[in-house]
Amino acid sequence: RARHAGHAREIRKVWFLRLVMSIGRLKPESCIVLICDIQERFRNVIHKFEAVQVGASRISQTAQLLEIPVIVTEQYPKGLGHTVAELEVSHAKVFEKTCFSMLSPDVQANLVELNFTDVIIAGLEAHVCVQQTTLDLLEKGYNVHLCADAISSQTLIDRTCGLRRAERAGAFISTTESIMMELIRSKDHPHFKAISTLLKEKRPTEALESV
C-alpha cells in the first residue's frame, strides 16, 4: 500500500508539473539540447538527411553561444559510424548507446547534474529514437520541443507518424528558427547578430516538409 501511495503521489506530481509548464516557454537557463544519432551510416538512407544535419548544426551552435548544455548520442557507432563531420559537437557531451531512447543509463546520470525543465531535440529517427526519447522525457514531466526541420526518418510516413504521435503525447512541434528566436527574444540580445548569421548561412539545399 505504501508503495502504491508513493507511486500515485509521483504521478500526481508529474502531471502537476506538466500542467504548470504547459505553455512551454523556452529560456536558455532552463533548457538543454539533445542531438540524436546523426551518424555517417544514415547519410544515404534518411529522407533529406542534409536538412537534419543543417538544422541540428543551427541548434547546436546556438546552444554553444547561449551556454546551453548539449548532449549528443550515437547509436552503436561501431556499426553505424560516429556523428557526421559537418556537425560540430566538440562542445557537447557525446554518449554511445544501444537502446533506442537517448535516455541511456549514462545519459540519465548526466541529466541528474543539470537543472532544466525543457528539452530541445533534433535528430534521427522520428518514429524510433526521437519518439521514444520524447515519451520518456514527457513521462518524467519535462517539456519537449521537437525541431521539425531537423528530424527525419528513412520514409516520409514514418517521419510524419513519429512527429504526430509525439505531439499527441504532449510534445511541442517547432522549427529551429522559431526556437532560436525564442531563446533570444529580441534584436537587442548580445548574440542576435551571430544567431541571425547562422540562420542565413546554414540553409539546407532542400528543406523538410511540414508535418
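The values are calculated or read from the model by the stated rules, or taken from the named source; none is laboratory data. Since we're looking at a predicted model, the values are computed, not measured. Neighbour counts are summed over all protein chains in view; Cβ atoms, including those assigned to glycine, are modelled from backbone coordinates with ideal geometry. SASA here: full protein model, heavy atoms, side chains in, ligands and nucleic acids out. Shrake-Rupley method; radii C 1.70, N 1.55, O 1.52, S 1.80 Å.
Key figures for this structure:
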read-out	value
Criterion (open to solvent by 20 Å² or more (accessible area, probe 1.4 Å) and either within 17 Å of SER178 (Cα to Cα) or of a type in the set (A, V, I, L, M, F, W, C) (or both)) met by exactly one of CYS129, CYS99, CYS31	CYS99
All helices (runs of 4 or more DSSP H) inside the stretch 58-174 with 1 or more residues being in contact (Cβ under 8 Å) with a residue 24 or more places away in the chain and touching a Pro at 6+ places or on another chain (Cβ under 9 Å)	105-111
Condition check for ASN44: in a loop (DSSP other than H, G, I, E, B) and not small (Gly, Ala, Ser)	yes
Boolean, ALA109 is of a type in the set (Gly, Ala, Ser) and under 28 Å from LEU198 (Cα atoms)	no
Some residue of the stretch 66-84 being more than 15 Å from the chain's Cα centre (by Cα), surrounded by 18 or more Cβ atoms within 10 Å (Cβ to Cβ) and within 20 Å of LEU183 (Cα to Cα)	yes
Check on SER174, within 27 Å of LEU103 (Cβ to Cβ), crowded, with 21+ Cβ neighbours inside 10 Å and at pLDDT 95 or above	no
Residue check for LYS202: modelled with pLDDT under 95 and of a type outside the set (A, V, I, L, M)	yes
Residue tally, condition touching a helix residue (DSSP H, G or I) at 6+ places or on another chain (Cβ under 8 Å) and either closer than 27 Å to ARG185 by Cα or among the aliphatic types (A, V, I, L, M) (or both), over the stretch 94-115	3
Members of the stretch 191-211 found to be closer than 13 Å to THR62 by Cβ and without any contact (Cβ under 8 Å) to a residue 40 or more places away in the chain, listed by number	PHE192, LYS193, SER196, THR197, GLU201
Selection within the stretch 101-122 - farther than 19 Å from LEU26 by Cα and under 14 Å from the mean Cα position of the chain (by Cα)	SER101, MET102, LEU103, VAL107
Residue list for the stretch 112-126, restricted to those being surrounded by fewer than 18 Cβ atoms within 10 Å (Cβ to Cβ) and of a type outside the set (Val, Ile, Thr)	GLU113, LEU114, ASN115, PHE116
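Yes/no matrix, rows are residues, columns are (1) part of a loop (DSSP other than H, G, I, E, B); (2) modelled with pLDDT of 95 or more; (3) surrounded by fewer than 16 Cβ atoms within 10 Å (Cβ to Cβ):
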{"position": "LEU183", "(1), (2), (3)": "no, yes, no"}
{"position": "SER186", "(1), (2), (3)": "yes, yes, yes"}
{"position": "THR197", "(1), (2), (3)": "no, yes, yes"}
{"position": "VAL211", "(1), (2), (3)": "yes, no, no"}
